[in-house]
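This structure is in structure tokens; I'll ask about it shortly.
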Amino acid sequence: MSELTRRRFVRDSAGAAAGLTALGALGVARADARETAEHPGTEPIVAHVKDPSSGEIAVLHGEHETIIHDRGLAARIARAAR
Amino acid sequence: MSSHREAPAISKDPVADNTDTYAFVSPDDPSTVTIITNYLPFEAPFGGPNFFEFADDVQYDINIDQTGDGKPDIVYRFKFTSTVADRNTFLYNTGPIDSIDSPSWNRKQFYSLERIVHGSATSLGENLPCPPCNIGPASTPDYPALAAQAIQSLPGGRTVFAGQRAEGFYIDLGAIFDLGDLRPFQSLHIATMMSNAPGVNTTNNFSVHSIALQVPKTDLTIGGTAPTDPGARNSVVGIWASASRRKSLIHEADGSKSQTGPYVQISRLGNPLFNEVINPMVEKNRWNALTPADDSQFLKYVKHPELAGLLPVLYPGVFPELGALDKARTPRADLVAILLTGLPSGIIPGFQNYTGSTYADELRLNLAIPPSSSPSIYGLLGGDLSGYPNGRRVADDVTAIELRAIAGVTYALVDKSYTPDAAANQVTDGTTPADLTEPYLDVFPYLGVPRSGYETGALASV
């Protein structure tokens, strides 16, 4: 197979592949039709017990961090971790 | 170097590892400023099948300090999203990529750009395309034209590019990290018996991922003015780049990841080499998490840089004046000015980039100083007011400039009675832009075309 023919083979194969995955190809032009590489899933809510003795807990949610003080909750989480 | 793998934590997170940041008045359009910030150190061009890309879960910022308080007044924020067209193949591309929207390119990356002024965000662009990596003649047959398609014009006279570029930072890392054994002077080194030799540009043929932004000067200044007086305080802006990740990351059992919480900074870069050679190792991770407004904590390392004490030891008899300066524990007011406050008027005729008394590691760019028609890679030390440490251009030899400054050349600026060692103004690792296989471009985005994996071969042999 000559270099030129081999190049054409790759190009034609790519064209066929693109035809078979038309939705994927459309996604290039339309942002809403793209499939992202990673499936992010739902963002968890994370509670970080920063100081069990004072009950300071950092609650991570979305792009936020909320600090609460709840000795009872901190104690229950600490007990669950044992 | 200049900030490649410079701290223990970020060296393990290359997609967020800010390697170089540049800021300069655009030589081909002096009404604009170009800011470039690079990530992903030492990209081997053949690094597939999952070729290099920005991280979808990292927030990349370019920060502008207008007031000199070490805090960002303007932030340009970049967020990336990768896509996969065909989920049934392992291939990056299923045929030649001859255009940026080619269906043969399986894994594309797009980004959004916001301009945030004191917390208020304006979108400058959505779904802006990155180019693919340069793979080889079969996959990316006309790479320069392909990459040029990713240069995007934005509202307000702004231009942006985000994607792979040739590494433009030239340096002999192999020699420098071998106990500072600079090849052009190695016969004088305490630990070597070798004769002097030319420097070796060890970063040549590697690539990086660059975010390049060109904006009108009026985009950066208080009141949106275009400065014309080099002596005016408002002619100077401070610039640095940073990268942040979400506070919480959970690796799920199925291989996916969950992230939540606010973004926290894990990398930053203003002056080249600050975190690399000024801060001690145990401070580097913390420094990366702070803003320039916090840099008074690191003032002591600038006043008494470790390297200034090492040079006289590594090169016995070569730096007696520097040795005496260091032995006397003389605070290096010159380095404090260059790195943390900017140089006030009266030090170098016709020049200042002083932002005030706040100690903050930023690139300080005087926007009223036009590009030089005959630039010197040694910047201010070479008599060129438009080069480092007045911002930083892609070709500036920041390694030699900073080595010479630390060796005592600039101390004479603040103490006229001090005579630098004769060797101080000759220190170099022996590399220059001529050691780059891929030259810089004369136009945006200025960094050269990255080498393809096919043509590069074994990096050690080219």
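What ranking do B:303-309, B:134-140, A:49-55 get when scored by the average of other Cβ atoms within 10 Å per residue, highest first?
Per-residue Cβ counts within 10 Å, averaged per peptide and sorted highest first, yield B:134-140, B:303-309, A:49-55.
Check B:ASN201: other-chain or 5+ apart residues with amide H under 5 Å from its amide H, H built from backbone geometry?
Hits under the 5 Å cutoff: none.
Which value, in debye to the nearest 20, gives the size of the charge dipole of the stretch B:137-266 about its Cα centre, when Lys and Arg are +1 and Asp and Glu are -1 at the Cβ?
In total the dipole reaches around 440 debye.
Using a 10 Å cut-off around each Cβ, can you sort B:VAL409, B:VAL117, B:VAL33, B:VAL84 from fewest to most neighbouring Cβ atoms?
Taking fewest neighbouring Cβ atoms as first place, the list is B:VAL117, B:VAL84, B:VAL409, B:VAL33.
Other chains near B:88-96: what is the mean number of their Cβ atoms within 10 Å of each residue's Cβ?
4
Under 24 Å from the Cα of B:LYS416, which lysines turn up, not counting those fewer than eight places away in the same chain?
B:LYS300, B:LYS303, B:LYS327
With a Cα-only, solvent-free Debye model of the stretch B:192-279, what are the log10 I(q)/I(0) values at q = 0.15, 0.19, 0.24 Å⁻¹?
The calculated log intensity ratios at q = 0.15, 0.19, 0.24 Å⁻¹ are -0.98, -1.11, -1.21.
Still on this model: Two decimals, Cα atoms only, Kirkwood Rh: what is Rg/Rh over the stretch B:224-264?
Ratio of gyration radius to Kirkwood radius for the stretch B:224-264: 1.46.
Additional query: Which log10 I(q)/I(0) values does the stretch B:277-409 give at q = 0.11, 0.12 Å⁻¹ under the Debye formula, counting every alpha carbon as one identical point scatterer?
Log-scaled intensity ratios, in q order: -0.42, -0.50.
Mind checking the mean number of beta-carbon atoms from other chains within 10 Å of the Cβ atoms in B:135-144?
1
Listing B:LYS247, B:LYS12 from the residue with the fewest other Cβ atoms within 10 Å to the one with the most, what is the order?
B:LYS12, B:LYS247
Would you mind calculating the relative contact order of chain B from Cα pairs under 8 angstrom and at least 6 residues apart, reporting the percent as a whole number?
Relative contact order for chain B comes out at 20 percent.
Can you run phi through the Karplus equation (6.51, -1.76, 1.60; θ = phi - 60°) for the stretch B:112-122 and list ³J(HN,Hα) in whole Hz, with x for Gly and Pro?
Ordered by residue, 3J(HN,Hα) equals 10, 9, 10, 10, 10, 10, 6, x, 9, 9, 10 Hz.
Relative contact order, percent, of the stretch B:282-422 when contacts are C-alpha pairs under 8 Å separated by at least 6 residues?
Once normalised by length, the contact order is 22 percent.
Something else now. Give me the inter-chain shielding for B:49-57: mean count of other chain Cβ atoms within 10 Å, whole number please.
Counting Cβ atoms of other protein chains within 10 Å of each residue's Cβ and averaging gives 1.
Another one. What are the semi-axes of the equivalent ellipsoid for the stretch B:45-192, taken as the square roots of 5 times the Cα gyration tensor eigenvalues, largest first, in whole Å?
33, 28, 14
How high is the FRET efficiency between B:HIS118 and B:GLN426 when r is their beta carbon distance and R₀ equals 51 Å, given to the nearest 0.05?
0.65
Hey, with R₀ at 45 Å, roughly what FRET efficiency would B:SER345 and B:ASN196 work out to, going by the Cβ-Cβ distance, to 0.05?
0.65
For chain B, take every pair of Cα atoms, bin their distances at 20 Å starting from 0, and report each bin as a whole percent.
Values per bin, smallest distances first: 25, 58, 17, 0.
Any idea what % of Cα-Cα pairs in the protein assembly as shown are farther than 38 Å?
Cα-Cα pairs of the protein assembly as shown separated by over 38 Å account for 33 percent.
Since every read-out is calculated from the coordinates, none of them should be taken as a lab result. Predicted, not measured: the structure shown is a model, and the values here were computed from it. Every residue, glycine as well, gets a Cβ built from its backbone with ideal geometry; the counts of neighbours run over all protein chains shown.
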